[in-house]
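Remarks on the structure that follows.
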């Protein structure tokens, strides 16, 4: 199994997506958002390399998990490192949420040139996209920190070629893009 550079994990989280989740915090982030709640994950050289087999062993120990969340740092900077882990997670019947400072629109452009990114995006169920903006910070938002961030149904978004917001009951609706 490959390794992934991480800052750490949370074995049971109820704030990083719906249901009981195992959260992997990747190390390294190019966004450096002012007010980020994980600034210790910004440095790409910090953290440690973790064998993904070890992560899977920890996931397998908890039969109550609904899914796994990739957070950071910027997990999509580590798409190649997370790809096999994501495949194994999906093979276990767990869903995958991913937090990214990139927008879906930018990711749609970048996936053509980055096969690992394209493959990883195809395995993610829910994408919370957009950088944290301190002036739009809103503690009443569920699963996101600022008003510009979106909770997207990623399979529906990829099929539509545009952002499809995930509803509170898992239902999707297409967002108006102004185009």
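The values are calculated or read from the model by the stated rules, or taken from the named source; none is laboratory data. Since we're looking at a predicted model, the values are computed, not measured. With ideal geometry, Cβ positions are generated from the backbone for all residues, glycine too; neighbour counts draw on all protein chains shown.
State all residues of region 64-73 that are in a strand (DSSP E or B) and touching a helix residue (DSSP H, G or I) at 6+ places or on another chain (Cβ under 7 Å); if no residue qualifies, say none. Give the steps one after another, and end with the answer.
Going residue by residue through region 64-73, those that are in a strand (DSSP E or B) are 67-71.
Listed by number, the residues that qualify are 68, 70.
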| query | Do we find a residue being under 17 Å from residue 82 (Cα atoms), within 14 Å of the chain's Cα centre (by Cα) and touching a residue at least 24 places away in the same chain (Cβ under 8 Å) anywhere in region 1-20? | reply | yes
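Considering only region 29-47, I want to know if a residue exists there that is in a strand (DSSP E or B), over 19 Å from residue 146 (Cβ atoms) and free of Cβ contacts under 8 Å to residues at least 60 places away in the same chain.
In the first step, residues of region 29-47 are kept if they are in a strand (DSSP E or B); the result is none.
No: zero hits.
Could you list, in sequence order, the residues of region 9-27 that are part of a strand (DSSP E or B) and in contact with a helix residue (DSSP H, G or I) (Cβ under 9 Å, 6 or more places away or on another chain)? Before you say what the answer is, go through the steps one by one.
Filtering region 9-27 for residues part of a strand (DSSP E or B) gives 9-13, 21-26.
Residues satisfying the conditions are 9, 11, 22, 24, 25, 26.
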By my count, strands (runs of 3 or more DSSP E) wholly in region 74-179 with at least 2 residues that are modelled with pLDDT under 95, under 18 Å from residue 55 (Cα atoms) and over 12 Å from the mean Cα position of the chain (by Cα) are none
Residue pairs within 6 Å by beta carbon, gap of at least six or interchain, first lying in region 100-113 and over 16 Å from residue 133 (Cα atoms), second surrounded by fewer than 19 Cβ atoms within 10 Å (Cβ to Cβ), listed first then second, are 111/118
Across (1) in contact with a helix residue (DSSP H, G or I) (Cβ under 6 Å, 6 or more places away or on another chain); (2) surrounded by fewer than 16 Cβ atoms within 10 Å (Cβ to Cβ), residue 53 clears everything bar (1)
